[in-house]
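**Student:** Quick one: the structure is below, questions incoming.
The values are calculated or read from the model by the stated rules, or taken from the named source; none is laboratory data. Only a predicted model underlies this, so the values are computations on that prediction, with no experimental measurement involved. Note: ideal-geometry Cβ built from the backbone for every residue, glycine included; neighbour counts use all protein chains shown. Calculation scope for accessible area: heavy atoms of the full protein, side chains included, ligands and nucleic acids excluded. Shrake-Rupley method; radii C 1.70, N 1.55, O 1.52, S 1.80 Å.
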Amino acid sequence: MAAAAVGTWAFSLPAVQKLRSLLKNGVGATDSLQEVIADIEDSEETGQYIIGRGGYPNKNGQVQCDAAIMEGFPGRFGAVAALHGIGTPIVVARKVMDKSIHSLLVGEGALAFAREEGFMEEENECMLSQQSAEAYREYLGKKTNYHGHDTLGLIALDIYGNITVGVSTSGAPFKYPGRVGDSPLPGCGLYADCQVGAAAATGEGDKIMCFCPCFHVVLLMKQGLSPNDACESVIKEIINRVGDEDMFELGIIAMNIKGETGAASSVQFTYCSWTQEKDCVEQLIRSPCQQ
Ligand code: SD4
């Protein structure tokens, strides 16, 4: 079977390139995703894209992360939310999927579980980068809200035909402590079905979670729509419901079980895609969907 990978935003390019090499070498979809997402979470540099270490802290100055992973097999899902002090939240989410009787752990409970699984809790200072600490100082000075919404979402299909989707974010910058976005919520920030495909979302999570867009995209692919058409149809339906004026930032990537990829967005959106058939990692741009 031909493998494939797709990721949100231009900064997912190195992750999709690495997925290409892992998947071509026969590494499974879930292991590959965990590895590339953890690399990005743990890097201070990519924190500016609202992910993991170096991500923007909450309004109390603490970095709290959300991460989730979902395999296509029914019930294979694990997530953590509002987790602090851990550089690779996706790895904890994977442990929740594999080892816990629960699916989603939050806050102190998620941290306690991580400790039990052997993760070392780090001081908050280690989770901040120079850039995010500076941004926080500015926020404290001006109390202005930052309006960036990046988030890493990745989908991988391995040569054995398994599909997995993973999402990771430090959430809305300077958020209320304990705020959880769309990313760790199944159907909202991500969804996968081994007979159909998978989807991942990025953008304004407080709004996104009201529409379950990833479940909807997978449902439309099940009804025969291509990944591109399914994403576009979901975005347009939401625009129709809320109106142009009130539409919020929402980008969706999707892949069907044949390894075809697609995306759509309410804003200009870059995503990265690779299919084993073409064997070329591409950065593709989607213009904002119109009603
Ligand atoms: C969230 N969708 O938590 C994620 C990430 C984001 O501003 O875009 N944050 O809402």
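**Student:** Could you pull the accessible area for residue 207 with a 1.4 Å probe, rounded to 10 Å²?
**Tutor:** 90 Å²
**Student:** Run lengths n ≥ 4 of DSSP H only: what is the helix-derived mean residue ellipticity at 222 nm for the chain, with -39500 (n - 2.57) per run over all residues, to the nearest 500?
**Tutor:** My calculation for the chain gives -9500 deg cm²/dmol from helical runs alone.
**Student:** Taking amide H atoms as placed 1.01 Å from N in the peptide plane, list the residues 5 or more away in sequence, or in a different chain, whose amide H sits under 5 Å from that of residue 72.
**Tutor:** The answer is 163.
**Student:** Here's another thing I want to ask about it. Expected output is a single nm value to one decimal: the length gained when fully extending between residue 287 and residue 121, i.e. 0.36 nm times separation in residues minus the C-alpha distance. What is it?
**Tutor:** Fully extending the segment from residue 287 to residue 121 adds 55.6 nm.
**Student:** Between residue 60 and residue 21, what's the calculated FRET efficiency when r is the beta-carbon distance and R0 is 45 Å? Round to 0.05.
**Tutor:** E between residue 60 and residue 21, to the nearest 0.05, is 0.65.
**Student:** Another question, if that's okay. Once phi is turned into θ = phi - 60°, what whole-Hz ³J(HN,Hα) does the Karplus curve with 6.51, -1.76 and 1.60 give for every residue of the stretch 265-281, x standing for Gly and Pro?
**Tutor:** Once θ is set to phi - 60°, the couplings for the stretch 265-281 become 7, 8, 10, 3, 9, 9, 9, 10, 9, 9, 10, 5, 4, 7, 6, 9, 7 Hz.
**Student:** Now for a separate question. Just grab the label-to-label distance for residue 244 and residue 1, each label 7 Å out from Cα along the Cβ direction, in nm (one decimal).
**Tutor:** 4.3 nm
**Student:** Could I ask something else about it? Roughly how far apart, in whole Å, are the Cα centres of the stretch 226-267 and the stretch 170-188?
**Tutor:** Rounded to whole Å, the Cα centres lie 20 Å apart.
**Student:** Once you have a ≥ b ≥ c as the square roots of the Cα gyration tensor eigenvalues for the chain, tell me rounded if a/c is under 1.5, and otherwise prolate or oblate according to whether a/b is larger than b/c.
**Tutor:** Oblate.
**Student:** Let me ask something else about it. Per residue of the stretch 160-176, in order, report the coupling 6.51 cos²θ - 1.76 cosθ + 1.60 (Karplus, θ = phi - 60°) as ³J(HN,Hα) in whole Hz, putting x for Gly and Pro.
**Tutor:** These are the phi-based 3J(HN,Hα) values: 9, x, 8, 10, 9, 10, x, 9, 8, 7, 8, x, 4, x, 6, 5, 5 Hz.
**Student:** Mind running the shape call on the stretch 132-291? Use the C-alpha gyration tensor, a ≥ b ≥ c as the square roots of the eigenvalues: rounded below 1.5 for a/c, prolate if a/b tops b/c, oblate otherwise.
**Tutor:** prolate
**Student:** Round to a whole angstrom and tell me the spacing of the C-alpha centers of the stretch 1-29 and the stretch 87-157.
**Tutor:** 23 Å
**Student:** Determine ³J(HN,Hα), in whole Hz, for all residues of the stretch 213-224 in sequence, where each value follows from phi through the Karplus function 6.51 cos²θ - 1.76 cosθ + 1.60 and θ = phi - 60°; x replaces Gly and Pro.
**Tutor:** With the stated coefficients, the stretch 213-224 comes to x, 6, 4, 4, 4, 5, 4, 5, 5, 5, 7, x Hz.
**Student:** Continuing with this model, one more query. Can you tell me the relative contact order of the chain? Whole percent, Cα pairs under 8 Å, sequence separation 6 or more.
**Tutor:** After rounding, I find 23 percent.
**Student:** Let me ask something additional. Once the whole set of protein chains is in place, how much accessible area is left on residue 210, using a 1.4 Å probe, in Å² to the nearest 10?
**Tutor:** That residue has around 90 Å² of solvent-accessible surface.
**Student:** Continuing with the same structure: Report the full-extension gain for the segment residue 112 to residue 236: residue separation times 0.36 nm, less the Cα-Cα distance, to one decimal in nm.
**Tutor:** Gain on stretching residue 112 to residue 236: 40.5 nm.
**Student:** Can I ask one more? Given H placed 1.01 Å from N in the peptide plane, which residues other than close sequence neighbours of residue 264 have an amide H under 5 Å from its amide H?
**Tutor:** Answer set, sorted by chain and number: 252.
**Student:** So for the stretch 174-291, averaging the separation of alpha carbon pairs under 8 Å that are six or more residues apart and normalising by length, what relative contact order in percent results?
**Tutor:** 22 percent
**Student:** Out of all DSSP beta bridges with both ends in the chain, state the antiparallel percent to the nearest 5.
**Tutor:** Around 90 percent of the beta bridges assigned by DSSP in the chain are antiparallel ones.
**Student:** While we're on this one: What accessible area per residue comes out for the stretch 238-288, rounded to a whole number of Å², with a 1.4 Å probe?
**Tutor:** 47 Å²
**Student:** Which cross-chain or sequence-distant (5 or more) residues have an amide H under 5 Å from the amide H of residue 191, H modelled 1.01 Å from N in plane?
**Tutor:** Amide H neighbours of residue 191: 199.
**Student:** Right, something else. Could you order 41, 245, 125 by accessible surface area, starting with the largest, using a probe radius of 1.4 Å?
**Tutor:** From most accessible down to least: 245, 125, 41.
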